[in-house]
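Below: the structure, in structure tokens.
The values are calculated or read from the model by the stated rules, or taken from the named source; none is laboratory data. Predicted model only: the values in this text are computed from it and were never measured. Neighbour counts run over all protein chains shown; Cβ positions are idealised from the backbone, glycine included. SASA here: full protein model, heavy atoms, side chains in, ligands and nucleic acids out. Shrake-Rupley method; radii C 1.70, N 1.55, O 1.52, S 1.80 Å.
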Amino acid sequence: MDISLILSSILIFALLSLLICPKAPKACKYVLGIVPLGAFFYLCSLIPIINHNSIVTEAIEWIPTLGINISFYIDGLSLLFALLITGIGFFVVLFAGSYMEGNRHLDRFYFWLFLFMGSMLGIVVSNNLFTLFVFWELTSLTSYFLIGFNHEHEKSRSAALQALLVTATGGLAMLAGFILLASVSGTTTVSELLAKGDIVRHSHLYTPILLLVLVGAFTKSAQVPFHFWLPNAMVAPTPVSAYLHSATMVKAGIFLLARMSPTLGGTPLWTVTVTLIGTITMVTGACIALGQSDMKKILAYTTVSALGTLTLLIGLGTNLAIKAAIVYLIAHALYKGAFFMVVGNITHGTGIRSIDGLGGLYKRMPITLVTAILAGLSMAGIPPALSFIGKELLFETSLAQSLFIQYIPAASVLSFIIVFILAFTLVIKPFFTKAPAYPNEPHEGNWPLWIGAFILGISGLVFGFYPEAIEKWVINSAIYSVRQIHISSDLALWHGYTMPFYLTIVTFTLGYLGFLNYSRVASWIHYFQFLRQAGPDKNYHRLLSGFIRIASWQTRKVQNGYLRYYIMTILGTIAVVLLYPLLTYSINVDWNRLREILPHEWALAVIILGGALLAIVSKSRLTSIIGLGVVGYGVSLVYLLFGAVDLAITQILVETLTVILFVFAFYNLPRFDHFAQRRSVIRHSFFAILTGCIVTLLVLITVDQYWHEPISTYFADYSLVLGYGQNVVNVILVDFRSLDTLGESIVLAIAALGIFAMTRLHIKNKNQP
């Protein structure tokens, strides 16, 4: 098995889900789960190889002339992310099958989920900047369909569009940064970029490269001010939130920052920008989460806070900071994936998602209670959770910084206090407060609904008890991939009475007091909710509304439905663009070339011109069609005279078909009426004659200009050698200009779909029932 086989298998099973789910809706989750589980075990088999400072590579040529290959590269960092993607992906596949049981679009859901899984896996194993970008945008596209899965609801459609616009726009900025990065470094291979950091950092293009790449990472990982799309995406089904918004999609930006830090990091601009944005995001997400009652919104905003924590650690970029980032990344993926499944199980069993409407579930959903406690311990950072080690590493890292960023310890303590309060709230309120009157009797879900949360939750505690195991397996190799040096992690639950330990005691104490006074603390935080209401989310809607207004104005003024105005605009633009260089520069025209035109060619030109004039001045549609036919057949004769027999035959066939269709379509229509005013006719005639004269003049100028050898000779010489075809025109269309042909085919296909949709459209009469 290799990397390309894994990605191909995921794509194949995405297609098979459309066949399997309708036939076996209850069993499909077990069949589909084979792929992520098999990929997880294969990746586990690579751990010994990666730990011996080896890498796994694979390359497939894609566009070799542009240096773009589908190449894959697995080192410690990509292996860690790939394990999270496939491992948590397996549990999400099981969870989704039971959570969405009975949904008539379950096949569609699995289709997009597997495409997303493959795209996310493609990001972390790509060894080419542009293939990474392709997979990056595919995650935005597939997440659009997953977030908007319940497309009947306006909120789902709006949230999906918002996530797509924010992340895809950031992706385009990232693409621009990649292009500049490739031009500066001379390579598009990610593994080669890791050794060219000095070249990039000393380039005068370093600042725009860094900022463009950071925009891509920040939008994907929901950093302030782009954080608003993530909580709004909670309208998605809970399996989507458990997968995309805890362990995969939102971690793509974190992966990009970690992957690019050897190339772009280590400068004051990197440190200040990334650290500052990460710290603001960490505090903002935690504070806004405290004012929420929707459990998924609470998890979403605490995810924003955790992403901010990871960002600031990567921004600091020290050995200790990267170690803390890797540990906290694993811990967060485990407990947040588990908690989303817990919330989904509660919602599935009660039909309620608001924490204020829940209580007394400890007797009715005991297994869910156990999984909630496991996830809650990790979320609160209570030992022996792995997150406790990550939290202390964060405190140790922040305390080791210089004075200008001493705000980080205070910000870290504040955010962890709030997360501690919310972790206790998510466990205590639904299960141990007074039970309300439920509309339906709460019930425990079947085992696929809780097994994933249980295993992820217990893993967070086991890895905390035995951190040396996970340290040896994946953490050390991941750190080496980022720092390019071997670092001894030395992870442990107890390091003595140190300053990080005292900060932890402060966090636990104030967090517990805050939980006991939850209403008062929430009311204090409520005063800051205006920041959310007047923040970037509102500005996004203003910006979107502004674009819509501009588009509406442009449509009314320019795209008004009158073909004559479209043609006049096009001809006028062409005339202005071509007339300027003709008047500005001294250009000689060889009028003697006109003497080379033979009498029969002049006669053919007169016939074509006569057909055009006949189509214009005729008051009969049939006569105008005949005039256009004369023009078309005249052009085919031009092709024939100059040896393009195949083009002449094609032109004759097309012209014949067009004339016949025009006759059938227009013959029974009434005669022309005189609508155009005289000044309109004069204006249109002026533009037509001006454009015709300029184009004719341009042809006479360029016919004698030879900057290169004619490319037609190359096509004739190599059509058989390279294209394996004797028909030169066919080889040009299919091989040499294949992308042009592909684009034209896509346009035709889209037009055909539009026509098909209109033929299937049935508009009911208003009086019709």
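Can you list the trypsin sites (Lys or Arg not before Pro) in region 186-278 that are in a DSSP coil and have 14 or fewer other beta carbons within 10 angstrom?
none
Computing the accessible area with a 1.4 Å probe over protein heavy atoms, can you report the carbon and sulfur percentage for region 713-768?
Its accessible area is 64 percent carbon and sulfur atoms.
Taking 0.36 nm per intervening residue step and subtracting the Cα-Cα distance, what contour gain separates residue 191 from residue 562 on full extension?
128.1 nm
From zero outward in steps of 10 Å, how is the percent of C-alpha pairs of region 603-671 spread across the bins?
23, 46, 26, 6, 0
Nearest 0.05, what FRET efficiency do residue 23 and residue 522 give at R0 = 56 Å with Cβ-Cβ as r?
Efficiency computed from Cβ-Cβ geometry: 0.70.
Return the inverse of the average 1/r over all pairs of distinct C-alpha atoms in the chain, which is the Kirkwood hydrodynamic radius, in Å to one decimal.
Roughly 30.3 Å, rounded to one decimal.
What does the accessible area per residue of region 288-379 come to in Å², with a 1.4 Å probe and no ligands, DNA or RNA counted?
Normalised by residue count, the accessible surface of region 288-379 is 19 Å².
Over region 589-642, what is the relative contact order in percent, taking alpha-carbon pairs closer than 8 angstrom and at least six residues apart?
Answer for region 589-642 is 33 percent.
Using the Cα atoms as the points, what is the convex hull volume per residue of region 268-534 in Å³?
Given the Cα convex hull of region 268-534, per-residue volume reads 129 Å³.
Determine the equivalent ellipsoid of region 224-277 by diagonalising the alpha-carbon gyration tensor, then write out the semi-axes as square roots of 5 times the eigenvalues, largest first, rounded to whole Å.
28, 14, 5
Would you mind getting the accessible area per residue of region 713-768, heavy atoms of the protein chains only, 1.4 Å probe, in Å²?
88
Give the accessible surface of region 201-284 per residue, rounded to a whole number of Å², with probe radius 1.4 Å and ligands, DNA and RNA excluded.
About 22 Å² of surface per residue is accessible.
Amide H neighbours of residue 59 under 5 Å, at least 5 residues apart or on other chains, H built in the peptide plane: list them.
72
With a/c under 1.5 counting as rounded, go ahead and sort region 396-524 into rounded, prolate or oblate using the C-alpha gyration tensor (a ≥ b ≥ c being the square roots of the eigenvalues; past the cut-off, prolate if a/b is larger than b/c, else oblate).
oblate
Under 13 Å Cα-Cα from residue 29, which aspartates and glutamates qualify once same-chain neighbours fewer than 8 residues away are excluded?
101, 107
If one computes P(r) from the Cα atoms of region 713-768, what percent of pairs lie at distances over 12 Å?
71
Using a cut-off of 27 Å between alpha-carbon atoms, which lysines can reach residue 323, once sequence neighbours fewer than 8 places away in the same chain are excluded?
Partners found: 196, 220, 251, 336, 391, 472.
Report, to the nearest whole %, how much of the accessible area of region 328-389 belongs to carbon and sulfur atoms, 1.4 Å probe, protein only.
65
Give the lysines reachable from residue 434 as a straight Cα distance under 22 Å; neighbours fewer than 8 places away on the same chain don't count.
296, 363
So, R0 is 30 Å and r is the distance between the beta-carbons of residue 152 and residue 538; what FRET efficiency does that work out to, to 0.05?
0.70
Could you work out how far the C-alpha centroid of region 166-205 sits from that of region 280-326, in angstrom?
A separation of 26 Å, based on Cα centres.
Expressed as a rounded percentage, what relative contact order does the chain have, with Cα pairs under 8 Å and six or more residues apart?
Reported relative contact order: 10 percent.
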